[in-house]
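Reviewing the structure listed below.
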Amino acid sequence: MNEKETALSAKNVEPVKPRFVIVTGMSGGGKTEACRVLEDLGYFCVDNLPPIFIPKFHELCESSGGHVSKVVLVVDTRSRDFFDQFIHVLEDMDRNEQPFEMLFMDAADETIIRRYKETRRRHPLAPNSRITDGIAKERARLDPVRNKATYIINTTTLKKVQLKEKIHKLFAGNDNGLMNIDILSFGFKFGMPLDADMVLDVRFLPNPFYIPDLRHKSGQVKEVAEYIASKPVTQEFVKRLDALVDFLVPQYIKEGKSQLVIAVGCTGGMHRSVFIARHLYDLLKARGHQVKLEHRDLMKNDVWEHVDGE
């Protein structure tokens, strides 16, 4: 295909319309937590946008050429007098065929009151009176908006992990919702990784550094890996490590964790940690997990031989 044909083909490609989600609902209903989950799913979030600006923002997103593919706008009664235009804006968007989805976050009055008491905040519609007055006013103002909601989530009895699961089901799209697992090898002499959730110290394993033929080869090299793996202490450790990981990872997933960083350290981050990190990577990959491997300090050592691309 020549340049002219390529250009013509590009013109005929239908632009991908962004997924446009409006989050609204009761103050104390869980909008903030919902937005945190949506941000983790890759949505571009704009908080407290006056309703009058929504159609123009929608146009900007559609004309972005695919650069903005997932958008969340939070619109609620904090916008005060602007909020009265909200229902009319939504009706105009329907007439102008500007597609959107609306997530309405709600909770029982008792739950909202308790949440306000815990945070010691004032209700936006009752800054100088009782929280119950603000809730009543807000429900009345939100009633016509609630009737247009695509999805309604009541968070009265939901734990954070349950809310996250519901939002994933509704908005993950092509995101598979899997927890990201990062396996990181490192050398203690270069410092501990600050973002590690779990640190494995493997300095007790046999050290190839003291074998002249292996000293300048990394844990990715076959001879080094075979040397470490051949020792009974390594075999026993790997057996126990596999059982630990097979138990822990599903628990983290069940708890709703989105990312897990497992750091494996030896003295220099060149031999033992690299070998064990690779073993963990292969194990978790075989179990169907979404996993990445990084050797942080490998090239800080005097390495003569290693495997490219790892």
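The values are calculated or read from the model by the stated rules, or taken from the named source; none is laboratory data. Worth saying up front: this structure is predicted, and the values here are computed from it rather than measured. We place every Cβ from the backbone using ideal geometry, glycine too, and count neighbours over all the protein chains shown. Areas reflect the complete protein model, heavy atoms only, side chains present, ligands, DNA and RNA absent. Shrake-Rupley method; radii C 1.70, N 1.55, O 1.52, S 1.80 Å.
Observations, loosely collected:
- Computed with a 1.4 Å probe over protein heavy atoms only, the accessible surface of the range 107-191 comes to 61 Å² per residue.
- For the range 137-284, the extents of the C-alpha atoms along the principal axes are 79, 28, 26 Å, listed from largest to smallest.
- Per-residue HN-Hα couplings for the range 117-124 [Karplus 6.51, -1.76, 1.60; θ = phi - 60°; Hz; x = Gly/Pro]: 5, 5, 8, 6, 9, 8, 6, x
- Linear extension gain, residue 236 paired with residue 152, 0.36 nm per residue minus alpha-carbon span: 25.1 nm
- Between 0 and 90°, nearest 10: helix 131-146 axis offset from the chain longest Cα axis: 90 degrees
- Under the convention that each Lys and Arg Cβ holds +1 and each Asp and Glu Cβ holds -1, the size of the dipole of the chain around its Cα centre is about 980 debye.
- A simple rule links phi to the HN-Hα coupling: the Karplus curve 6.51 cos²θ - 1.76 cosθ + 1.60 with θ = phi - 60°, which for the range 25-32 gives x, 6, 5, x, x, x, 4, 4 Hz, with x for Gly and Pro.
- Each of the peptides 45-57, 28-40 was scored by the mean count of other Cβ atoms within 10 Å over its residues; in descending order, highest first, they stand as 28-40, 45-57.
- Given the alternatives [x] 1.07; [y] 1.37; [z] 0.99, Cα Rg over 2.2 N^0.38 Å as computed for this entry is given by [y].
- For residue 260, the residues whose modelled amide H falls within less than 5 Å of its own, excluding neighbours fewer than 5 places apart on the same chain, are 180, 181, 182.
- Charge dipole of the range 192-251 (Cα centre as origin; +1 on each Lys and Arg Cβ, -1 on each Asp and Glu Cβ, all else neutral): 240 debye, rounded to the nearest 20.
- Percent carbon-and-sulfur accessible area, the chain, ignoring ligands, DNA and RNA, probe 1.4 Å: 52 percent
- Unsatisfied cross-links (Cα-Cα over 19 Å) in the set 169/257; 117/164; 31/159; 117/257: 117/164; 117/257
- Rounded to 5, the percent of DSSP beta bridges in the chain classed as antiparallel: 5 percent
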